[in-house]
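Asker: I am attaching a structure below and will ask some questions about it afterwards.
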Amino acid sequence: MPLRDIRAVLFDMDGTLVDSDGAVERAWRTWSAEYGVDPLAVLAVAHGSPAESVVARVLPGLDPAARALAAARQHELQYDDLSDVTATPGAHELLDLLEDRGLPWAVVTSADQRLAKVRLAVAGIEPRVLVTIEDITHGKPDPEGYLRGAELLGVPAEQCLVVEDAEVGLAAGRAAGAQTAALKGLKGDVELRDLHQLAALL
């Protein structure tokens, strides 16, 4: 399907619409020190994944209650770390274009609602539709979040474009049946330098 035939766009948040990589990395490094885990091993699997999934991978011996507590601690470390959080290059240009063209869009994130709302607010982004980890049962790479976003927009997932900067998110988009636009040198149906480029393509 040509990009001009796309009927809706589904965005990841961290690293895609919002430049929060510094805050994410600082939180995981602090968390790793608190839990006695190698931070490099954590960072290798953390980007784009729900916190609880990351905890399960790096601390597989935790019971469900302890895993949930560890994930909550990771989120807590990020809530107030907003000093260098901003919109990514081209984000506002692209969102303005979608509004002008009447193309609906949503944010689908592995963050919880509190974190998503504060980061989006700091970046000056106000999605009408926001799907967080609290709205679904299975996080990325499961397609549930993107399928839910498409449903809320009233557009079949097959007619949506998923914009991502993490492999787990691209896998979720592909599994949902959507076209994918990939940032940061990753492979997708469309490969992007930044969101300015996607605005030009649309």
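Asker: Where residues in the stretch 1-47 are assigned to a loop (DSSP other than H, G, I, E, B) and free of Cβ contacts under 8 Å to residues at least 40 places away in the same chain, which of them is farthest from His75 (Cα to Cα)?
Answerer: Step by step, filter the stretch 1-47, then rank; the result is Pro2.
Asker: Out of Ala171, Ala123, I need the residue that is within 29 Å of Val55 (Cα to Cα), of a type in the set (A, V, I, L, M, F, W, C), in contact with a Pro (Cβ under 7 Å, 6 or more places away or on another chain) and surrounded by fewer than 23 Cβ atoms within 10 Å (Cβ to Cβ). Which one?
Answerer: Ala171
Asker: While we're looking at this one, here's another question. If I filter the stretch 16-48 down to residues being closer than 27 Å to Glu99 by Cβ and at pLDDT 95 or above, which single residue comes out as surrounded by the fewest Cβ atoms within 10 Å (Cβ to Cβ)?
Answerer: Asp19
Asker: Further question: Just to confirm my filter: which strands (runs of 3 or more DSSP E) fall fully inside the stretch 92-202 and include at least 1 residues that are of a type in the set (Ser, Thr, Tyr)?
Answerer: 179-182
Asker: Let me ask another. Just checking, which of Asp100, Asp81, Asp135 is on the phi < 0 side of the Ramachandran plot, within 17 Å of the chain's Cα centre (by Cα) and among the acidic types (Asp, Glu)?
Answerer: Being on the phi < 0 side of the Ramachandran plot, within 17 Å of the chain's Cα centre (by Cα) and among the acidic types (Asp, Glu) holds for just one of Asp100, Asp81, Asp135, which is Asp135.
Asker: A further question on this structure: Of all residues in the stretch 173-182, which are among the aliphatic types (A, V, I, L, M) and within 11 Å of Asp12 (Cα to Cα)?
Answerer: Residues satisfying the conditions are Ala181, Ala182.
Asker: Can I ask one more? Thr109: surrounded by 15 or more Cβ atoms within 10 Å (Cβ to Cβ), over 21 Å from Lys140 (Cβ atoms) and either in contact with a Lys or Arg (Cβ under 7 Å, 6 or more places away or on another chain) or among the β-branched types (Val, Ile, Thr) (or both), yes or no?
Answerer: Against the criterion (surrounded by 15 or more Cβ atoms within 10 Å (Cβ to Cβ), over 21 Å from Lys140 (Cβ atoms) and either in contact with a Lys or Arg (Cβ under 7 Å, 6 or more places away or on another chain) or among the β-branched types (Val, Ile, Thr) (or both)), Thr109 does not qualify.
Asker: Kindly provide the set of residues from the stretch 174-202 that are open to solvent by 20 Å² or more (accessible area, probe 1.4 Å), in contact (Cβ under 8 Å) with a residue 12 or more places away in the chain and among the aliphatic types (A, V, I, L, M), ordered by number.
Answerer: Ala175, Leu186, Val190, Leu201
Asker: Across the stretch 1-15, what is the total count of residues that are of a type in the set (D, E, K, R) and open to solvent by less than 10 Å² (accessible area, probe 1.4 Å)?
Answerer: Number satisfying all stated conditions: 1.
Asker: Pairs only if they're at least six apart or on different chains, beta carbon under 8 angstrom, first in the stretch 91-102 and at pLDDT 95 or above, second acidic (Asp, Glu); list them, first residue then second.
Answerer: Within 8 Å, no pair qualifies.
Asker: Out of the residues in the stretch 126-138 that are in contact (Cβ under 8 Å) with a residue 24 or more places away in the chain, within 22 Å of Glu76 (Cβ to Cβ) and in contact with a Gly (Cβ under 7 Å, 6 or more places away or on another chain), state the one that is most open to solvent (accessible area, probe 1.4 Å).
Answerer: Ile133
Asker: Hey, does the stretch 72-83 have a residue that's open to solvent by less than 70 Å² (accessible area, probe 1.4 Å) and outside any helix (DSSP H, G or I)?
Answerer: Within the stretch 72-83, one or more residues are open to solvent by less than 70 Å² (accessible area, probe 1.4 Å) and outside any helix (DSSP H, G or I).
Asker: Here is a follow-up. Tell me, yes or no, whether the stretch 49-66 has at least one residue that is outside any loop (DSSP other than H, G, I, E, B), at pLDDT 95 or above, open to solvent by less than 80 Å² (accessible area, probe 1.4 Å) and under 30 Å from Leu198 (Cβ atoms).
Answerer: no
Asker: From the list Ala172, Ala121, exactly one residue is among the hydrophobic types (A, V, I, L, M, F, W, C) and under 26 Å from Ala200 (Cβ atoms). Which is it?
Answerer: Step by step, each of Ala172, Ala121 is checked, and only Ala172 is among the hydrophobic types (A, V, I, L, M, F, W, C) and under 26 Å from Ala200 (Cβ atoms).
The values are calculated or read from the model by the stated rules, or taken from the named source; none is laboratory data. Remember, it's a predicted structure, so these values are computed and weren't measured experimentally. When we count neighbours, we look across all protein chains shown, and the Cβ atoms used for this are built from the backbone with ideal geometry, even at glycine. These accessible areas exclude ligands, DNA and RNA; they are computed on the full protein's heavy atoms, side chains included. Shrake-Rupley method; radii C 1.70, N 1.55, O 1.52, S 1.80 Å.
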